[in-house]
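A short reminder: the numbers here are calculations on the coordinates, not readings from a lab. Treat the numbers as computed from the prediction; the structure is a model and nothing was measured. Backbone-built Cβ (ideal geometry, glycine too); neighbour counts: all protein chains shown.
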């Protein structure tokens with residue numbers, strides 16, 4: 001075989017090389033971040049639950065959380081990043097999530113303000 005063969009374990013390092021290269025365009029950087037996010041999520045979900053792998057699973061989960069938080073901070077319209085971020089929030093009410101969803105570029109592109117769920121508070 002004459003082609004370049006890359007194993008899945010090498011992908012994160014290659015993605016990071018692209019992200020850290022000084023000539024990487026913003027579009028390529030966002031596309032690479034998105035691919036790295038999806039790779040980390042698939043890898044995390046493929047790891048079995050066992051005591052031997054608990055530290056590896058925690059490490060991958062932390063890396064995934066960093067990627068998700070970075071996308072949210074930069075308001076990147078990445079559905080997986082925002083879905084993961086919102087699902088990870090601990091909010092007792094829909095109102096607690098409303099401010100998050102209003103700042104989400106993915107959701108605001110599809111949902112108008114009038115379609116948002118307004119929490120109802122019982123005044124009694």
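For the range 60-93, there are no residues whose amide N sits under 12 Å from a probe point set 7 Å from the Cα of residue 6 along the beta carbon direction.
In whole percent, what relative contact order does the range 10-90 give with Cα contacts below 8 Å and a gap of six or more residues? Rounded, it is 23 percent for the range 10-90.
Cβ crowding within 10 Å ranks 11, 67 as 11, 67, fewest other Cβ atoms first. Over every Cα atom in the range 10-90, the radius of gyration and the widest Cα-Cα span, Dmax, amount to 13.4, 42 Å.
The gain in end-to-end length when the residue 57 to residue 16 segment is fully stretched comes to 12.8 nm, 0.36 nm per residue minus the alpha carbon separation.
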